[in-house]
Amino acid sequence: MPKLYTFLKYFCVILWSCFVIAPFLWAISTSFKDFNSVTGGATYIPWLQFEPTLDGWSVLFKPGSQGGINIIGPYFNSIFVTFTASFISIALGTLAAYALSRYTFKAGFVQNNDITFFFISQRIMPPVVLSIPFFIFLSTIGLLDSLAGLILVYIVLLMPIAVWIMVDFFNRVPKEIDETALIDGCNPFQAFFKVVLPNSIPGMIVAGLFCIIFGWIDFFFAFILTFTNVQLLPVKIVALNSSITPWWSLSAAALVSVAPLIIVAFIVERFLSKGNLTGALK
Amino acid sequence: MNFKHKFVFLLPGLIVLIGILIFPIIFTVRLSLSGWNSYNPGLDFVGIKNYIRLFTDDPRFWESFFRLSFLAITTVFLQYIIGFFLAHVVWKDIKFKRFFRVLFLIPMMTTPVIMTVIWRTFFHESLGPLNDFLSIFGVQPQWLSSPGLAKISIIVVEVWQWTSFMFLLLLAGLLSLPKEPFLAASIDGASPFKKFMYVTFPLMAPISIGAIIIRLIEASKIMDTVFVLTSGGPGTATETSSFYIFIKGLREFQMGYAATMSFTYLIIMIISLTIIAKVLTKVLMKE
């Protein structure tokens, strides 16, 4: 019985692993094909089944005038927007989370939990609900199709995540830390910046990772709120997905765009194994 | 402590969030009472005409809403079962534990819309690897152009993408459980199955509820997958609420009516998620 169980366990884990890896392997294989080897039916192994070429990859780095796709600009746009919005969200979210964790707020029936819920509940908003008014709002203030406009919108997406993770984190940081600092003659701001903040770096890293993930993978807002001036990576890649799809460059572009966040998976796993993530994610 | 400080901490975030959101929300409500469309752009006032149309004369909206509920509940249910199983397996020592943990985390790090583009080639009827494999058995299902299979394709992609998030939340929960109850159960000689049913699962109940609610919220926003994989098709077979609102608002430019649907949809979502949270708390906490 235990042997059968162990066998089943490994069998399921390996089955799921194959399912997880399958689209990546397919994309890697496809990225080295050309028109003939794609339209000839599904093939998998280079040299054996088809003649590999680097066309799909080289076209990514050529400017549009030479028939290339040039994903470098969109790549940096994506990085800039994601990081700026994440940074602002973490900064503001951490401050707010600290206030919600340490002080009591009361205004009529509104209490701490309600304010926390207000922050987090912004995630319920379907992007499409916000997209129409944001479209008109940003065009009124002249930020449609600009990086600044996108950053504003992404703050709304990311701050709830930062507040959610940081409130839980601060709730587990013992109150004695700040109380000792206050008794030692710090004012509340000094206590926060000199004592509490250095102790919160693990929490902030976790919150930061999640903000980066959810900023990087957003497509819809970038799709609606930008056109030609500013293009983010996902929009650029999906735009390739037209009637005659160049599967090879599409696969190469997809791989290039998901690669950086795979590193995040390793970092998250490290936090998980060291036990730093456990409280931060409940 | 001086009460002024707490506001200095709280207000920057709160003001920025409200500052960015206040206009869109008020504007959506106002827009929903107007007849803004491509022939007649502008904020005229038509009263609750749009709401009457939505509630009496638009079965397509309600169909898309029930389809969304079906897709969201099915995918989250599958993600929970698979995610819990995987988390439970790599929680304790198995070989290559950390390798599997990283591997299972990877899908949530990838951009859904980009992976869906890859999945679309994967499901391709004549050139994709899936049908190439299935041709061994002599079948060539039309994954994306028959109504039933298109739904299944979307479920497969959603489960691939987001089980890893469920896995992460549940594994983080498992790792934070206290050790004593398990020790006590071992001393009492409980079998692994009983240990799971009477110790692990009840201890995980609050974390499970949290994870399911978070996933339901995110799943209710399914949009990217549908947009790329099937564009709501064939016909309206995979059209979800978000996608229908998108078509009406940003393709046909019936902004007023789209705002009406948005606002109604938001209210329904908030009410139903609150109810689901309450029910789940009751069911899972009792066991």
Work out how far the C-alpha atoms of segment B:58-286 reach from end to end along every principal axis, then list the three figures in whole Å, largest first.
66, 48, 27
Using only Cα positions of chain A, each an equal point scatterer, no hydration layer, compute I(q)/I(0) via Debye at q = 0.14, 0.16 Å⁻¹ and quote the log10 values to two decimals.
-1.11, -1.25
Principal-axis tilt of helix A:147-172 within chain A, Cα atoms, nearest 10 degrees
50
Provide, for segment B:58-286, the number of lysine pairs with alpha carbons under 26 Å apart, each pair being eight or more places apart or on different chains.
23
For segment A:2-53, alpha-carbon Rg over 2.2 N^0.38 Å
1.64
Starting from the Cα gyration tensor of segment B:192-287, multiply each eigenvalue by 5, take the square root, and state the resulting semi-axes largest first in whole Å.
37, 16, 8
Fewest first, what order do A:ILE205, B:ILE52, B:ILE154 take by the number of other Cβ atoms within 10 Å?
B:ILE52, A:ILE205, B:ILE154
Quick calc, A:ILE263 & B:ASP188: beta-carbon distance into FRET formula, R0 41 Å, rounding 0.05, result 0.40
Please give the direction-averaged projected area of the C-alpha convex hull for the protein assembly as shown, in square nanometres with one decimal.
30.4
Give the distance, in whole Å, between the Cα centre of segment B:86-133 and the Cα centre of segment A:8-39.
8
Cα centroid separation - segment A:140-163 against segment B:146-225, whole Å
32
Distance (nanometres) between label positions extended 7 Å along Cα→Cβ at A:SER58 and B:LEU273:
4.9
Using label points projected 7 Å from each Cα along Cα→Cβ, tell me how many nm separate A:PHE87 and B:PHE96, to one decimal.
4.0
Hey, could you pull the Cα Rg and Dmax for segment B:112-238, both in Å?
20.3, 60
If I fit a long axis through the Cα atoms of helix B:201-219 and take the longest principal axis of the Cα atoms of chain B, what angle between them do I get, 0 to 90°, rounded to 10?
30
Out of every Cα-Cα pair in segment B:143-211, what percent are more than 15 Å apart?
65
Per principal axis, largest first, the Cα atoms of segment A:1-104 extend in Å by 68, 65, 16
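Throughout, read-outs are computed from the coordinates displayed, never taken from laboratory work. Because the structure is a prediction, the values reported are computed rather than measured. All Cβ positions, even for glycine, are placed from backbone atoms using ideal geometry, and neighbour counts span all protein chains on display.
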